[in-house]
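Asker: What follows is a structure written as structure tokens; I'll ask about it next.
The values are calculated or read from the model by the stated rules, or taken from the named source; none is laboratory data. Remember, it's a predicted structure, so these values are computed and weren't measured experimentally. Glycine gets a Cβ as well: all are built from the backbone with ideal geometry, and neighbour counts include every protein chain shown.
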Amino acid sequence: MNRAHKNSLWLIALTVLFALWGFFAVQEAVHEQATTISQLEALTATHSAPAVQAALQQSKFVLNGVRQNYLGWFFAIFILLIAMIALVDFVSRNLQRPMRLRQVLAGYSFVAPAGVQLLLFSLGPILFALFISFHSWSILAQEKPFVGLDNYAEVLGSGDFWNSLKNTALYTLHVPVGMAVSLGLALLLNRAKLPGLGILRTIFYLPSITSFVAIAIVWQWIYNPDFGLMNYALSWLGLGPYEWLHNPGTALLSLMLMAIWVQAGYQMVIFLAGLQNIPAYLYEAALIDGASTWQ
């Protein structure tokens with residue numbers, strides 16, 4: 001076992017010891033506060049002095065504060081130590097290869113801004129949401145007691161949750177449909193021999209860079225039950241007007257159609273870039289082998 005592995009093992013052992021120490025220290029503090037509260041409650045049964053009542057309220061406030069905050073700080077420090085272990089292990093492994101170390105550090109330095117943004121604005125809120133999900137949390141309430149899995153039990157027992165989950169699952173179906181539409185557009189534009197292909201590509205790409213406010217207003221008019229383009233087109237087929245955004249049976253489908261229209265252009269550009277990087281001799285070899293157009 002080399003020195004780098006030994007250093008990593010020592011750091012892991014110290015992290016585990018820190019975790020155990022922090023857990024038992026917090027449990028001891030919680031036990032002491034709970035004992036104090038029990039004693040004060042016993043006193044309030046025989047003495048209703050304001051000082052005893054104030055001490056009881058203060059002890060409850062301290063206990064709730066410990067239960068609310070220790071998990072967040074403990075988890076943050078634990079993650080920081082894990083990151084330090086990974087960093088020390090990485091540096092120890094590459095000290096004998098300074099050129100590789102410089103190259104890797106340069107690569108990570110370029111990735112660091114995006115990593116910090118992901119940590120602060122994506123991963124951070126997710127972890128904070130996970131933390132508050134174990135508490136009875138209200139920004140207006142001073143006390144935010146730890147409730148364990150009670151919130152999850154309440155959510156799983158709610159009919160609204162399962163209805164929302166079903167709608168979310170149905171809404172995700174627009175992703176494969178949109179990918180198929182984008183691939184079809186990319187194949188058409190890649191093989192077509194028409195003038196003005198650059199203009200067509202730009203037109204298809206424009207929705208993905210258009211303001212969502214403008215998109216919402218345009219599609220609101222398209223779905224308008226009285227003057228909308230959608231109902232006007234259906235009237236030529238002899239179909240009556242529909243309340244696209246107000247009917248529960250069509251509202252989700254309407255949003256999925258709008259999302260496909262917005263995202264298809266961007267995904268088409270990605271597919272088109274990949275198709276145009278395929279060498280021409282591969283197409284020629286496929287034709288010689290008897291491949292059809294679809295193949």
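Asker: On the basis of being touching a residue at least 40 places away in the same chain (Cβ under 8 Å) and not acidic (Asp, Glu), does VAL177 make the cut?
Answerer: Yes; evaluated as a whole, the condition is true for this residue.
Asker: Which pairs have Cβ atoms under 8 Å, sit 6 or more apart or on different chains, and link a residue in the range 224-249 that is without any contact (Cβ under 8 Å) to a residue 24 or more places away in the chain to one that is of a type outside the set (Phe, Trp, Tyr) and exposed (fewer than 14 other Cβ atoms within 10 Å of the Cβ)?
Answerer: Partner pairs satisfying both residue conditions: PRO225/HIS246; LEU234/GLY240; PRO241/ASP226; PRO241/SER235.
Asker: May I ask you to say which residue of TYR266, TYR223, TYR232, TYR281 is under 18 Å from LEU183 (Cβ atoms) and among the hydroxyl-bearing types (Ser, Thr, Tyr)?
Answerer: Values: TYR223 fails: under 18 Å from LEU183 (Cβ atoms); TYR232 fails: under 18 Å from LEU183 (Cβ atoms); TYR281 fails: under 18 Å from LEU183 (Cβ atoms).
Criteria check complete, one pass: TYR266.
Asker: Next question, about the same structure. Cβ-Cβ under 9 Å, sequence separation 6+ or interchain: first residue in the range 110-130 and surrounded by 11 or more Cβ atoms within 10 Å (Cβ to Cβ), partner hydroxyl-bearing (Ser, Thr, Tyr). Which pairs?
Answerer: Within 9 Å, the pairs are GLY115/TYR108.
Asker: Same structure, new question: For the range 165-196, enumerate the residues that are in a helix (DSSP H, G or I) and of a type in the set (Val, Ile, Thr).
Answerer: Those that are in a helix (DSSP H, G or I) and of a type in the set (Val, Ile, Thr): THR168, VAL175, VAL177, VAL181.
Asker: Of all residues in the range 210-269, which are in a loop (DSSP other than H, G, I, E, B), under 24 Å from LEU170 (Cβ atoms) and of a type in the set (A, V, I, L, M, F, W, C)?
Answerer: LEU239, TRP244, LEU245
Asker: Another question, then. Considering each of ILE199, ILE215 in turn, give the residue that is assigned by TED's automatic domain parsing to the domain that holds ALA273, in contact (Cβ under 8 Å) with a residue 12 or more places away in the chain and β-branched (Val, Ile, Thr). First the steps, then the outcome.
Answerer: On the way: ILE199 fails: in contact (Cβ under 8 Å) with a residue 12 or more places away in the chain.
Unique residue meeting the criteria: ILE215.
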